[in-house]
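Contents: one structure, followed by commentary.
Bear in mind these aren't lab numbers, they're just calculated from the coordinates by the rules spelled out. It should be emphasised that the depicted structure is a prediction, and the values quoted were computed from it without experimental measurement. All Cβ positions, even for glycine, are placed from backbone atoms using ideal geometry, and neighbour counts span all protein chains on display.
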Amino acid sequence: MSDGGKKSAAKAAYERYQSSLGVEKERIKATKKTKSAKFWAWIWLAVKWPWQWLWMACHDWRLILVFVGWMLILGCEVWVPLVIAWCSPGTDLAKSMYAVAATCEAFWLGPFTPFMPLCIALTIGTKALFDKKLTKKEKEK
């Protein structure tokens, strides 16, 4: 917390998420389920937590821009060949660029590809770095 008692929306969302995550972890530990049921409960928690955090943190417009930026950067193997193909219509280069873009898109849309988890993880990491830098500046004041 800064001197004025203000928090960024993402920081507040993260703290809300952390408290709800702690409650959820305790709930899983306290339930009297089989080992396999507890295992799948932990797996489900690990799968849903980045999405839940992102949904809570979307109150911060900077976070949305960071997320869109990472999506554009990670998805450039699809949109760059499309732009090249659109700039050279009717040529062999355009045909090959359409093939490259379609192949990359088919890969990323396939099952078990980590496009969205990568975008979310990079967004979380970038936001954590920004928050660390901002808190360091606030402490210096």
Whether segment 60-141 is rounded, prolate or oblate, judged on the alpha carbon gyration tensor where a/c under 1.5 counts as rounded: prolate
Helix axis angle, 9-30 relative to the chain longest principal axis, alpha carbon, degrees: 70 degrees
Helix axis angle, 115-140 relative to the chain longest principal axis, alpha carbon, degrees: 50 degrees
Using a Förster distance of 35 Å, the FRET efficiency for residue 18-residue 108 (Cβ separation, nearest 0.05): 0.70
The chain, dipole about Cα centre (Lys/Arg Cβ +1, Asp/Glu Cβ -1), debye to the nearest 20: 980 debye
Size of charge dipole - segment 60-141 - debye, nearest 20, with Cβ of Lys, Arg +1 and Asp, Glu -1, no other charges: 560 debye
